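Peer 1: The structure follows.
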Amino acid sequence: MNDVYGPIIREGLWKNNPALVQLLGLCPLLAVSNTTINGLGLGVATILTLVASNGLVSLLRKQIPEEARLPVFVMIIASIVTVIELSMNAWFHELYLILGIFIPLIVTNCAITGRAEAFAARNPVGPSLVDGLMMGLGFTAVLVLLGAARELIGQGTILSEAHLMFGEGARNLTIVVFEDYRGFLMALLPPGAFIGLGLIVALKNVIDARQKTKSAEINVVETVPAEA
Amino acid sequence: MNNYTTIIRVGLLLAAFAIGATSIVSLTEANTRDKIIENERQTLLAAINALVDDNDYDNDILTDTLLIPGVRKLGTKEFTNVYRARKGNTPVAAVFTSIAPNGYNGKIKLLVGVYYDGTLAGVRVIKHKETPGLGDKIDVKKADWILQFKGLSLTSPTESRWKVKKDGGDFDQFTGATITPRAIVTAVKKALQYFDKNRDDLFKEAKK
């Protein structure tokens, strides 16, 4: 059990994170990560779509013709996105008014086609669903982190307009970090998104490199006495 | 020969998937259509009632509409719906959309409510692409700025004061953003001028 799902979880959240390693879905990622709440909103919508599309593609993987799999994936994903959008508009209208603008953006997220092709088309339904969930969570984590960083540097707050997502009670969730902050517009504009994402990717690489040297050192320590 | 059978097989499968996908989407659409229309009606009604109190009128405001052709003062060349509020048969207020064409980032769409006597019932921004954190304070969800229009008219303040403070008028601009409030103040003023000139036409009974 753990042997199957463990690696999938690590891949989605860290080792093969769609936003940091595969660098997929940059269009919505960069466009909507100007505040924490926007990032979270797009993240939630992406998780939904990714899980549904991975599940469906995996379920139909034996029927999908190898030669024409990409058009089929695109059709499946586009239908899922439309169905989610319509259902949300009908039954969760309040939520739709908030997340609605993010949903069409998901169609432009190639991370979803990417997972269909790379994972769901070759694996059973269970692992595919987990893969969708983990990739979605990994993507969301980066969105929220980038959103929070841009919001903090750009306007000196974190979680502003939380009530848009969590209702009126969440209005005071907003944390004003710098009182009387004059704002740093570039962080909120597209260049801020590129620079911010670049820094996060760099940070991940530094952490990975540290870990590599650490485990290498341990190996050295272990091997030296053996040679002596 | 073998090639052709593959092509035909794949083509047919693709067609089957297309039919499947389309059916699912159409089925969902058919099942959600009424609910979505009702939701949109409720949202529109809520937007109108945020401007004009629903105790102040007794007609069905969503059906008592007048379709007016594109008006320059309202910043649009397209037909616009005017929603009319009446009590008994007396006109109470008109609610219509108006577009400020000169926002920092393109058009800003406004919903403007004007009482019959020419005072503003209120203004709301319903669509904009202004800079987050700066120009987007025009959105009532982010700041109270837009609420100040309630109760104003072309005589209060006088027409020459319908400007942002930077231009010698009465309205606050935002730190770092003057263009956005300037666009809105101008658009609201023009909407009032339009209403003033066309008031009685706007409340004409709908043709039965």
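The values are calculated or read from the model by the stated rules, or taken from the named source; none is laboratory data. Keep in mind it's a predicted model, so treat the numbers as computed, not measured. Positions of Cβ are backbone-derived with ideal geometry, glycine not excepted, and every protein chain shown enters the neighbour counts.
Peer 1: Take residues that are touching a helix residue (DSSP H, G or I) at 6+ places or on another chain (Cβ under 9 Å) and tell me which of the strands (runs of 3 or more DSSP E) falling wholly in the range B:32-117 contain 3 or more.
Peer 2: Filter on the range B:32-117 gives B:80-87, B:90-103, B:106-115.
Peer 1: I've got another one for you. Do we have any residue at all in the range B:135-145 that's crowded, with 21+ Cβ neighbours inside 10 Å, touching a helix residue (DSSP H, G or I) at 6+ places or on another chain (Cβ under 8 Å) and β-branched (Val, Ile, Thr)?
Peer 2: Yes - at least one qualifying residue is present in the range B:135-145.
Peer 1: Another question, if that's okay. List the number of the failed condition for A:Gly169; all other conditions in (1) modelled with pLDDT of 80 or more; (2) in contact with a His (Cβ under 8 Å, 6 or more places away or on another chain) hold.
Peer 2: Here A:Gly169 meets the rest and fails (1).
Peer 1: Given the residues A:Gly41, A:Gly12, A:Gly25, which is the only one that is within 14 Å of chain B (Cβ to nearest Cβ) and either within 11 Å of the chain's Cα centre (by Cα) or surrounded by 19 or more Cβ atoms within 10 Å (Cβ to Cβ) (or both)?
Peer 2: The unique qualifying residue is A:Gly41.
Peer 1: Name the residue, out of B:Glu205, B:Glu130, that is more than 14 Å from chain A (Cβ to nearest Cβ) and not in a helix (DSSP H, G or I).
Peer 2: B:Glu205
Peer 1: When you go through B:Leu45, B:Leu66, B:Leu62, B:Leu74 one by one, which is the residue that is under 23 Å from B:Glu205 (Cβ atoms) and within 14 Å of chain A (Cβ to nearest Cβ)?
Peer 2: Among B:Leu45, B:Leu66, B:Leu62, B:Leu74, only B:Leu45 is under 23 Å from B:Glu205 (Cβ atoms) and within 14 Å of chain A (Cβ to nearest Cβ).
Peer 1: Within the range B:183-208, can you find the residues that are surrounded by 18 or more Cβ atoms within 10 Å (Cβ to Cβ) and farther than 15 Å from B:Ser98 by Cα?
Peer 2: Within the range B:183-208, just B:Phe203 meets the criteria.
Peer 1: Determine if the range A:161-177 includes at least one residue that is crowded, with 19+ Cβ neighbours inside 10 Å, touching a helix residue (DSSP H, G or I) at 6+ places or on another chain (Cβ under 7 Å), on the phi > 0 side of the Ramachandran plot and not in a helix (DSSP H, G or I).
Peer 2: yes
Peer 1: Name the residue, out of B:Lys190, B:Lys166, B:Lys137, that is assigned to a helix (DSSP H, G or I) and within 14 Å of another protein chain (Cβ to nearest Cβ).
Peer 2: Unique residue meeting the criteria: B:Lys137.
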